[in-house]
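Working notes for the structure below.
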Amino acid sequence: MTQKTDSATPFDLIGGEPVVQALVERFYDLMDLEPGYAAVRATHGSTLDDARRKLFWFLCGWLGGPQHYIERFGHPRLRMRHLPFAIGIRERDEWVACMDQAMRETGVEDSLRQRLSQSLLEVADFMRNRPG
């Protein structure tokens, strides 16, 4: 019996943990390499190791898979956890563009990528804590 795709979570549709891990790795590699993501890169520390782990754990749960982040840290409280970082429109847009590029480059199916990009834009916009 095949699983109905309308009952599959985005986590299932994306390909589970291996694809989420590849997506996160590509996302942060791009952030480190591409000058167009310099503003969002500047909001991170000198190393991205901790960010890679936390984003992987968060995305697994956010996409409907294992709740690794919540098991370790409790509720994500995204806005509160991002308050120490200056996040404006530029940082928001770079983060979303970088994630969209990473999804394209890791082979996320186009309609799923578009759906996730829209949702991630809404989440990223909620993280904004400064105008402009």
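The values are calculated or read from the model by the stated rules, or taken from the named source; none is laboratory data. Computed from a prediction, not measured in an experiment: that's the story for all the values here. Ideal geometry is used to build each Cβ from the backbone, glycine not excepted, and the neighbour counts take in all protein chains shown. Note: accessible area is taken over every heavy atom of the protein model, side chains too, but ligands, DNA and RNA are not part of it. Shrake-Rupley method; radii C 1.70, N 1.55, O 1.52, S 1.80 Å.
Between ARG104 and PHE73, the FRET efficiency from the beta-carbon distance, with R0 = 30 Å, is close to 0.55. Across region 75-91, coupling constants 3J(HN,Hα) worked out from phi with the 6.51/-1.76/1.60 Karplus curve, θ = phi - 60°, read 3, x, 6, 4, 4, 4, 5, 9, 4, x, 9, 6, 10, x, 4, 4, 5 Hz, and Gly and Pro carry x. Note on the chain: Kirkwood hydrodynamic radius from all Cα pairs is 15.3 Å, rounded to one decimal. Using the 1.4 Å probe convention, the accessible area of the chain works out to 56 Å² per residue with neighbouring protein chains retained. Report the local net charge at ARG113: Lys and Arg +1, Asp and Glu -1, summed over other residues whose C-beta lies under 11 Å from its C-beta. Net local charge, ARG113 excluded: -2. Only protein atoms count toward the accessible area here, which uses a 1.4 Å probe; on the chain, the carbon and sulfur part of that area reaches 55 percent. Label-to-label distance for ALA8 and ARG52 is 2.8 nm, based on points extended 7 Å past Cα in the beta-carbon direction.
Taking 16 Å as the cut-off, the amide N atoms of region 84-114 that come nearer than this to a point 7 Å along the Cα-to-beta-carbon line of MET127 belong to 84-103. Phi angles of region 95-106 translate, via the Karplus equation with coefficients 6.51, -1.76, 1.60 and θ = phi - 60°, into HN-Hα couplings of 4, 5, 5, 5, 5, 4, 4, 4, 5, 4, 6, 9 Hz per residue; Gly and Pro are given as x.
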